[in-house]
Amino acid sequence: MPPRTSTRTRVAASLTASACLLAVASPASAAARPRFTPGASGVGDRYFPLEGNGGYDVLHYDLGLDYTPSSNALKADATLTARATQNLSRFDLDLKQLKVTSVKVNGKRAKFVRKGQELVVTPAKGLPKGRTFTVAVAYGGDPKPVSRPDIGKFGWIKTPDGAYAVSEPDGASSWFPSNDHPSDKATYTFRVTVPKGTQVLSNGEQSPVVTRGSRSTFTWNERTPMASYLAMLAIGRYRTLTGRTKSGVPVLTGAALNRTKELKPLHENTVKAIDWEETVFGKYPFRSVGGIRVGVDVEFSLETQGRPIYGFSPDVATVVHELAHQWFGDTVSVRRWPDIWLNEGFATYAEWLYDEQHGGPTAQATFDKYYNQPKTWKYYDQLWNRNTAGDPGAPTMFTLPPYYRGGMTLQALRGRIGDKAFFALLKAWVAQHRNGNVSTPEFVRLAEKISHRNLDGLFKTWLYTKGKPTTW
Ligand SMILES: [Zn+2]
């Protein structure tokens, strides 16, 4: 709210300007006049200085998207419900590329300017700390993917009959205005209107489809808090299968019409992976599960919440990996991107554990296989010498160290603290941080608490020291 005019300042106003300033600066008057300041343009993640924004916490995204695959035309309305965490005079949203036509805060027109990926919004009135507000953005255009050297294209990817969206790490803002950082999770409603005959799959659970004339609207709700990079859409023509896991979680898998042969194995592997993972990591954290095989072949798959996207025909190891992320990454999310090994090291280790418990090599044997690779091995330098697992560097965060060296860190830990403490630790980590955000020091502290050992040296060697470890 704007500063209130007290009797005292009204009196002061009749005096000279300098007297008025003095009156405003007096302690009693200052207390009654909250200062409203701009929210920061980032959350302070040193890998992505402009990702996320300061001064508010998004509670819910309501995304109304009207999409025509033949022209890749997107016309959208996004309404975010957020709570101010400071007295806000203005705030930023992250939005790349697309054109904004109007912004309203609490239903009233707000001023906005674009500064690179920042959409800077100045509401007509300041937003008091603690108060919930809405910001509605009308926008649209021709959405395009973004890219990075280590993973290539991501964000909005066009397919012959539609598109899909996979956004790790900072691609959500290429298709909706967001607080695009995993430290601000929120619930989501996706209302996507497409030509009749085209389908839309997404995170969470589906409401009935509404068709009016030649267009159909699909509504999906993700009711469990989700990081923006895990928001997913798959638009096109799909065949789906439904079922349940052993514990009763509803399953919905889908495959593009040109990949339907892959649907049944994907469905079966999904159920098998979740049934096993619940025994090792604890109860599955979301209301439904599944997976989607898109109709084009790309290099990567992504653990989009509840329903990973597969860009190639996934073997069981890939399904185990992406679904392990539901525990490690999706419900327990990094607070800052340099800790990416907390996602990737754990999901990689899940593959090794799955092998161990299904007649394959033990996790120790897999550890030994990588540990004993000769210096002539193609990936030797990448794995051991170029970057660390615990701070792999922004442009190389999806290279081997957080994955393999991260997984090896967990095996080294298991060797030190024993199976009983190790498996108790995995379950406790998830149980304590469900729907939350975490950092590596928190994991180290929990490991020390459960094992009653000092583990600083082990983690320092394995996560933060370049070169192949020799003692730990
Ligand atoms: Zn992964």
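The values are calculated or read from the model by the stated rules, or taken from the named source; none is laboratory data. Here the structure is a predicted model, which is why all the values come from computation and not from measurement. In this analysis, Cβ positions are derived from the backbone assuming ideal geometry, glycine residues included, and neighbour counts consider all displayed protein chains. Areas reflect the complete protein model, heavy atoms only, side chains present, ligands, DNA and RNA absent. Shrake-Rupley method; radii C 1.70, N 1.55, O 1.52, S 1.80 Å.
Here are the numbers:
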read-out	value
Spatial extent of the chain: Rg and Dmax, with the Cα atoms as the point set, Å	24.7, 87
Qualifying lysines (Cα of each under 20 Å from Cα of LYS261; at least 8 residues distant if same chain)	LYS272
Carbon plus sulfur fraction of accessible area for segment 237-324, probe 1.4 Å, in percent	51
Vicinal HN-Hα couplings computed from phi for segment 201-209 (Karplus, 6.51 cos²θ - 1.76 cosθ + 1.60; Hz; Gly/Pro x)	10, 7, 7, x, 10, 9, 9, x, 7
Within the chain: Cβ-based charge dipole about Cα centre, in debye rounded to nearest 20 (Lys, Arg +1; Asp, Glu -1)	1720
Solvent exposure of segment 40-231 as accessible area per residue, Å², 1.4 Å probe	38
Span from the segment 168-200 Cα centroid across to the segment 333-408 one, whole angstrom	30
For the chain: relative contact order, % (alpha-carbon pairs under 8 angstrom, 6 or more apart)	11
Residues of type aspartates and glutamates that LYS196 reaches as a straight line, Cα spacing below 13 Å, ignoring anything fewer than 8 places off in the same chain	ASP66, ASP161
Contact order normalised by residue count of segment 237-324, Cα under 8 Å, 6+ apart, percent	27
Charge sum, other residues only, whose C-beta stays under 13 Å from GLY130's C-beta, Lys/Arg counted +1 and Asp/Glu -1	+2
Helix-derived mean residue ellipticity, 222 nm - over the chain, DSSP H n ≥ 4, -39500 (n - 2.57), to 500	-8000 deg cm²/dmol
Long pairs among LYS153/LYS185; LYS115/LYS144; LYS111/LYS158; LYS246/LYS427; LYS96/LYS185, criterion Cα-Cα beyond 22 Å	LYS153/LYS185; LYS111/LYS158
Charge context of GLY254, other residues only, Cβ under 11 angstrom, K/R +1, D/E -1	+4
Share of Cα-Cα pairs in segment 237-324 lying beyond 19 Å, as whole percent	28
Cross-link reach list, lysines versus LYS468, counting only Cα pairs under 16 Å and skipping chain neighbours closer than eight places	LYS369, LYS375, LYS378, LYS460
Heavy-atom accessible area ranking, 1.4 Å probe, most first, across HIS452, HIS325, HIS60, HIS358	HIS452, HIS358, HIS60, HIS325
Normalised convex hull volume, segment 50-183, alpha-carbon set, Å³ per residue	99
Alpha-carbon spread of segment 333-464, three principal axes, descending order, Å	42, 36, 26
For VAL43, solvent-accessible area (1.4 Å; no DNA, RNA or ligand), Å²	40
